[in-house]
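Everything below concerns the one structure shown next.
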There are 2 protein chains.
Amino acid sequence: MKTTLADIEAARRTIAGHVLRTPLLPAPPLSGLTRAEVYVKYENLQVTNSFKERGACVKLTALSEAERRRGVIAMSAGNHAQAVAYHARRLGIRATIVMPVTTPFVKVKATEALSAHVVLDGETVMEAQARAKAIAEAENLVWVHPFDDPHIMAGQGTIAAEMLEDQPDLDVLIIPIGGGGLIAGNAIAARALKPKIEIVGVETTLYPSMWNALHNGTRPCGGATLAEGIAVSQAGALTLPVVRDLVSEIILVEEVLIERAVNAFLTLQKTMAEGAGAAGLAAMLAAPERFAGRKVGLILCGGNIDPRILASIVVRELERENRIVSFRMIIPDRPGVLGQIASRLGELGANILGVEHHRMFLDVPAKGTKLDVTVETRDSAHADEIFRALEQDGYRPVRVEGGAGLG
Amino acid sequence: MKTTLADIEAARRTIAGHVLRTPLLPAPPLSGLTRAEVYVKYENLQVTNSFKERGACVKLTALSEAERRRGVIAMSAGNHAQAVAYHARRLGIRATIVMPVTTPFVKVKATEALSAHVVLDGETVMEAQARAKAIAEAENLVWVHPFDDPHIMAGQGTIAAEMLEDQPDLDVLIIPIGGGGLIAGNAIAARALKPKIEIVGVETTLYPSMWNALHNGTRPCGGATLAEGIAVSQAGALTLPVVRDLVSEIILVEEVLIERAVNAFLTLQKTMAEGAGAAGLAAMLAAPERFAGRKVGLILCGGNIDPRILASIVVRELERENRIVSFRMIIPDRPGVLGQIASRLGELGANILGVEHHRMFLDVPAKGTKLDVTVETRDSAHADEIFRALEQDGYRPVRVEGGAGLG
């Protein structure tokens, strides 16, 4: 039952022509950011925009005729759902997907568009899981586990095999861990093909389940993470021993680094990563000295991120870089003052994004008003220059966060 | 002097190892959107994130030793600047780049980071151009034209040669037109390799310079376009006859379609296109029946878009799809009313993004207030359902645009 390189090579033959052989490409902007030599494997270019298709394709193809006739069932609100639905439709297998009732409608619609029968049940993932198990039993459906299955692991492992074929020089692969299917499959493939390669895992600090399992740790699992794709509270029974054997370290990353990594993929590398897809880069940002100068392979494992969340990440990062700043000033409430300030900001090259007046605060004189002005700057030094100029003009500006006109 | 397939084949040998051989990949989500079979050539993955490196690499490599010692100069606020700077540094050639003073600082910084000497001069592109010509003469520098040069055209033409090598079945290429270097080079390559392939050009309705040149038209050129990379007011002298010979049609696209195309690349195909980079897809959205069922090659020619603009495009598209909607209601100004409305919206599954009170409007009773509530919905039907529920509750909602908390 142990997954081997031979299983992974067989999986490669199974998926050929049915799953995209994604490009592995040098990423000079990310290399510049991290001082390593970064290569990115673009799994976000799969039809359903994640690596999950590989495992799903291998698993479904391996079913017997009798199993195919019974139909399959999976519980997932995310990438596994669409991957199973897509390959089941392709193979003419009936698929039932159980999702928690809180699942965003776009994901429900996307999965239904792939001809799956979607059942919305359970407030939480645990409840949905219980419901899915009950349906599977009642309707005699074949269970497709998202990670703890040898076929799934072999399917995911095809990624590293392709990466080392394209770039045999890689020194280290950094791989996100949810239940561990992705890292287990790829650690088996990579270490078999190149024994000296290092495999590093990544989890978020909110869901350190594999880290706990390896270190007899008791860190709590829970909370709203941007990387919901790897928010798994229990390491897999099959994946854990593989990780213990073949993975040198698990790096835990904070939410803010996942956010920065998503932003870096987008603004520097011009590609869209979901939180879990950016976790490998987040690990590099967490421990840059560990990877500096080395040839690092990142698996951009998924690109399904809510567009509104993405927009908010981009704007928040501009605020962090002081390229969007807000100044609060108390000004006399009379004609012409805003005109003076706005003209001054124009001279300074600051683009005004929003203006807000607050007249009701008690620390403002009755004939005054508090003014929040949000501007776009060239960079941090420019923001400081604008601040000093407003000070010199006597406005006593104070920097505030989340300014006018940005929501 | 006429550029031929042989020149383009030579250019391929010149750029090998120095310019990324970008992937051409099927784009099923975009095929679903357009009902064509779409393939995308990812030029946004080049080091400086645009195709301009191809021409720059060929041009600079072709310089004589004496010319290299003199150094080169280019006028550009965009992708050509970074491409010339990058390949000049690689080849040990001194590069001067002239940019208008209005150029965003990030672009200045990015070009300086590539070791170019940046001169900021001229309020407009025309003034910067005049200044660059003067410097070139005074300092005896070699001029690197962005499009009207046989080496540049041959360099850009390598894209179609790679595309047809990877996917010989393509029926049509849709290619953005600024000065025409990209389309001229690629039309030569593609029609020589596959005489039956169709070449369609795209310009924005704001800058129809090549369309004017072909049709003796007098449409005005000017205005702020999202596709500033193809905002060129005068077709090239060398590129125009090639376009006249080999291009079957130029489609003019409105700004709103460019915006939709940028959003589709991002949210469906998980990749970042600047306005000009998305122009080909915008043409498909403008004339879907023209391309339905055909194998269409799109050149995603650049990915350099301002992050704040991108964030705003994404949110605007959610508003267009009614996934973000704002309701305005006149409510009595007393405790508990907002609580009732907010709870009702919660029951309806609408996520509240912003709330704003307006007490100063004269059409509101003195004891009332105007309330703008902005919510996230599942889709258009859900937005309608929420509207009707608020109506039934007696709030007389009115849909408004650009609601609370979004800027």
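The values are calculated or read from the model by the stated rules, or taken from the named source; none is laboratory data. As the structure is a prediction and not an experimental result, all values here were calculated from the model. Positions of Cβ are generated from backbone atoms using ideal geometry, with glycine treated the same way; all protein chains shown enter the neighbour counts. Note: accessible area is taken over every heavy atom of the protein model, side chains too, but ligands, DNA and RNA are not part of it. Shrake-Rupley method; radii C 1.70, N 1.55, O 1.52, S 1.80 Å.
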ask   = Which of the aspartates and glutamates could a cross-linker span from residue A:196 if the Cα-Cα distance has to be under 12 Å and same-chain partners fewer than 8 positions apart are dropped?
value = A:169, A:171
ask   = How many Cβ atoms of partner chains, on average, are near each residue of A:378-385 if near means within 10 Å of its Cβ?
value = 1
request  = Using only the alpha carbons of the range A:1-48, determine the length spanned along each of the three principal axes and report them from longest to shortest in whole angstroms.
outcome  = 41, 26, 14
query = How high is the relative contact order of chain B, in percent, with contacts defined as C-alpha pairs under 8 Å that are six or more residues apart?
reply = 15 percent
request  = With 5 Å bins from zero, work out the P(r) of the range A:227-297 over every alpha carbon pair and list the percent per bin.
outcome  = 3, 15, 21, 23, 20, 12, 6, 1
ask   = Do you know the relative contact order of the range A:15-141, to the nearest whole percent, from alpha carbon pairs under 8 angstrom that are 6+ apart?
value = 19 percent
task = Please find, in a Gaussian network model of chain A (springs between Cα atoms separated by less than 10 Å), the residue of A:277, A:178, A:236 whose mean-square fluctuation is greatest.
result = A:236
remark   = Flagged as over-length at 26 Å C-alpha distance, from A:41/A:194; A:107/A:295; A:107/B:370; A:370/B:107, the pairs are A:107/A:295; A:107/B:370; A:370/B:107
request  = Taking every Cα atom in chain B, find the radius of gyration and the maximum pairwise distance Dmax, and write them in Å.
outcome  = 25.1, 82
key: J(HN,Hα) series, the range A:233-248, from Karplus relation 6.51 cos²θ - 1.76 cosθ + 1.60, nearest Hz, glycine and proline x   = 8, 9, 5, x, 6, 7, 7, 3, x, 5, 4, 4, 6, 10, 9, 7
ask   = Which whole-Hz ³J(HN,Hα) couplings does the range B:5-21 yield from phi under the Karplus relation 6.51 cos²θ - 1.76 cosθ + 1.60, θ = phi - 60°, glycine and proline marked x?
value = 4, 4, 4, 6, 5, 5, 4, 4, 5, 5, 7, 3, x, 10, 10, 5, 7
task = Using Cα pairs closer than 8 Å and at least 6 residues apart in sequence, work out the relative contact order for the range B:90-171, in percent.
result = 23 percent
ask   = What are the distances, in nm and sorted shortest first, from the label point of residue A:401 to the label points of the same position in each other copy, with each label point placed 7 Å from Cα along the Cα-to-Cβ direction?
value = 3.3
ask   = Could you give P(r) for the range B:312-398, binned at 5 Å from zero, as whole percent values over all Cα-Cα pairs?
value = 3, 15, 24, 25, 16, 11, 5, 1
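Can you check how the C-alpha radius of gyration of the range B:1-110 compares to 2.2 N^0.38 Å, as a plain ratio?
1.27
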task = Tell me the label-point distance for the pair residue B:194, residue A:392, using the 7 Å Cα-to-Cβ offset, in nm and rounded to one decimal.
result = 6.1 nm
ask   = When the Kirkwood hydrodynamic radius is evaluated over all pairs of different C-alpha atoms of the range B:168-298, what value in angstrom, to one decimal, is obtained?
value = 14.6 Å
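Are there any GluC sites (Glu not before Pro) in the range B:122-183 that are in a DSSP loop and have at most 14 other Cβ atoms within 10 Å? List them by number.
Numbers: sites: B:123, B:127, B:137, B:139, B:162, B:165; in loops: B:123.
Answer in residue order: B:123.
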task = Could you run the numbers on buried accessible area between A and B, total for both chains, 1.4 angstrom probe, in Å² to the nearest 100?
result = 3300 Å²
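Provide the convex hull volume over Cα atoms per residue for the range A:257-306, in Å³.
Expressed per residue, the convex hull around the Cα atoms of the range A:257-306 is 68 Å³.
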message = Assume the label is 7 Å from Cα along Cα to beta carbon: what separations in nm does residue B:16 have to the matching positions in the other copies?
response = 2.6
query = Shortest first and in nm to one decimal, what separations exist between residue A:388 and its copies in the other chains, measuring from label points 7 Å along the Cα-to-beta-carbon line?
reply = 6.2
remark   = Residues whose built amide H sits under 5 Å from the amide H of residue A:324, excluding neighbours closer than 5 in sequence, are A:319, A:377
remark   = Residues hit by the 50 Å² burial cutoff in the range A:317-338, accessible area with a 1.4 Å probe, assembly against chain on its own, are A:323
Rg/Rg_ref, the range A:105-160, where Rg_ref = 2.2 N^0.38 Å and atoms are Cα = 1.35
task = Starting from the alpha-carbon convex hull of the range B:82-217, give the projected area averaged over all orientations, in nm².
result = 10.4 nm²
Two-decimal ratio, the protein assembly as shown, of alpha-carbon radius of gyration to 2.2 N^0.38 Å = 1.00
